Amino acid sequence: MVGNPDFLTSRGQDQAPELQALETPEGELHLRFYVSSGDEFALPATGIRRIIEQSPDRITPVPNVSPLLLGTLNEQGRVIWVADLGQFLGYPTPLNTDRSEIPVIAVEDQGTMLGLAVNRIVGTDWLDIDDIQVSRNFPDTMAPFLKGEWIVDLEDNDTLRLLDQIAILRSARWAA
């Protein structure tokens, strides 16, 4: 390929219109997802250890722990506690576990890993942190775990809330 004269010259470059220059994304990569209430949230991709789609019967219930915890799962030889993120954030509707798979977002900080069970994962998106806004349009139970929000649709008042996975991991709510 390097020996090909077209590789080093401009000759032949206009023959492939389907090849376009790669655009540099703006912002930081985030994972977008929904909790059982239907509200959309995001986590920075850098704070996510892995995404696991598990059958509910693979999550082992544990007695005498916080009701926010669904149980544990074994992922590649590591035991991960799994929590209902929606209930943790103060929503009254529990996660529907009567389905074939539950999406679990595993976050980690200083060797502590926690699986956050969510209703549906949307995908990843490049989001600009400079566009984040601080709002008071959320429950007080959620405030310690929010970094801010992006306005997705001003007419419908749709927001995308950015969570702080470190604050979630270190929360005293797990002892309740």
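All of the numbers you see were taken from the coordinates with simple rules; none came from a lab. From a predicted model like this one, the values you see are computed outputs, not experimental measurements. As a convention, Cβ positions derive from the backbone with ideal geometry for all residues, glycine included, and neighbour counts pool all protein chains shown.
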Give the long-range amide H neighbours of residue 28: residues separated by 5 or more places, or on another chain, with amide H under 5 Å away, using H modelled in the peptide plane at 1.01 Å from N.
127, 128, 129
Packing-based exposure ordering (other Cβ within 10 Å, fewest first) of 126, 81, 174:
126, 174, 81
List 138, 33, 41 from most exposed to least, where exposure is judged by having the fewest other Cβ atoms within 10 Å.
138, 33, 41
Based on Cα positions only, what radius of gyration and what Dmax would you give for the stretch 91-176, in angstroms?
14.6, 42
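For a Förster distance of 41 Å, can you work out the FRET efficiency between the beta-carbons of residue 131 and residue 99, rounded to the nearest 0.05?
About 0.75, to the nearest 0.05.
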